[in-house]
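S.K.: Please find one structure pasted underneath; my questions will follow.
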Amino acid sequence: MKLLKRVSIGVVLCVFMLTSVAAATDVNLSVAASMKEVVNFLSDQFAQKNPSVKFVKNYGASGALAKQIENGAPADIFISANLKWVDYLKDKKLMDNQNITMFAYNELVFVGKPNAARGMQDLSRLGKIAIGSPQSVPAGEYTTEALQKAGMDKALENKLVMAKDVRACLMYAEQGEVDGAFVYKTDALLAGKNVVVLFTVPQTLYSRVTYPIGLMAAGAKNKDAVAFFRFLISDEGKKVLEEKGFLVR
């Protein structure tokens, strides 16, 4: 009887452990690099109330993330820094079209050492300038658009240093590898003492920086991903976005 009792207890414990493992769920996030801190904060908040949920995060250039998803990288939620890459994945039938909305907005600024420049007209006298690679980095696309509209693209084409994402631009400026960099306002808020915001790029020169968010087709089947998506776009989520320097309207 004692042996049978031990076996029964062992079976119960095994079932309990298996149930606990099954209850744990991964939510795969593919998020524009400039959203790293705010998404980390929001996912930590969500996890405190939902301890069984595990987040697997992939931060980077929006275009690079979209290509990874297209090639099979797991993703439940995608946050891009422009509409282009969301539309790209929609065309590939990889997104849940019923759950795509605008998440936040941002502004483009130029950072560098104090007094290095006061406006777009001063950039021609600088040496190296970092921008995100326009092929995959929305910040680079916005910057290229601004330079073209300002009529400065030809004058600066040999001065531009292409970076893998907007955070790399900020790092180049902080380390003194370039004389300045185009980044988002929210990135500039994270800069160290080596660089400051020299000027805000006039909004008339580039399309508004938008952050669309959407559930992937796979994410729509993941109840925890759906719940986190709802949390992100809730009033609570918007309040955090504003606290971190993003615009929500």
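S.K.: Quick check on the chain: helices-only [θ] at 222 nm, where DSSP H runs of length 4 and up contribute -39,500 (n - 2.57) each and the sum goes over total residues. Nearest 500, please.
M.R.: -12000 deg cm²/dmol
S.K.: Hey, can you rank 101-114, 190-203, 131-144, 228-241 by average C-beta count inside 10 Å, highest first?
M.R.: 131-144, 101-114, 228-241, 190-203
S.K.: Probe of 1.4 angstrom, ligands and nucleic acids ignored: what's the accessible area per residue over the chain, in square angstrom?
M.R.: Using a 1.4 Å probe on heavy atoms only, each residue of the chain averages 51 Å².
S.K.: Sort K149, K67 by accessible area with a 1.4 Å probe, largest first.
M.R.: The ordering from most to least exposed comes out as K149, K67.
S.K.: If you don't mind, another one. Find how many whole Å separate the alpha carbon centroid of region 71-94 from the alpha carbon centroid of region 186-249.
M.R.: The two parts, judged by their Cα centres, are 16 Å apart.
S.K.: Next question. Among F110, Y88, Q98, flag the residue with its Cα farthest along the positive direction of the charge dipole of region 88-127, charges on Cβ as +1 for Lys/Arg and -1 for Asp/Glu.
M.R.: The residue sitting most towards the positive pole is F110.
S.K.: How far, in degrees from 0 to 90, does helix 223-232 lean away from the longest principal axis of the Cα atoms of the chain, to the nearest 10?
M.R.: It works out to around 40 degrees.
S.K.: Ignoring ligands, DNA and RNA, what percent of the 1.4 Å accessible area of the chain is carbon and sulfur?
M.R.: Looking at the chain in its full context, I get 54 percent from C and S.
S.K.: Another one. Size of the dipole of the chain about the Cα centre, Lys and Arg at +1 and Asp and Glu at -1 on the beta carbon, nothing else charged, in debye to 20?
M.R.: I would put it at about 680 debye.
S.K.: On a full-extension model of 0.36 nm per residue, what is the gain between E70 and T200, subtracting their alpha-carbon distance, rounded to one decimal in nm?
M.R.: Full extension from E70 to T200 adds 43.3 nm.
The values are calculated or read from the model by the stated rules, or taken from the named source; none is laboratory data. Keep in mind that what you see is a predicted model, and the values were worked out from it rather than measured. Glycine gets a Cβ as well: all are built from the backbone with ideal geometry, and neighbour counts include every protein chain shown. Heads up: the accessible areas ignore ligands, DNA and RNA and are worked out on the full protein's heavy atoms, side chains in. Shrake-Rupley method; radii C 1.70, N 1.55, O 1.52, S 1.80 Å.
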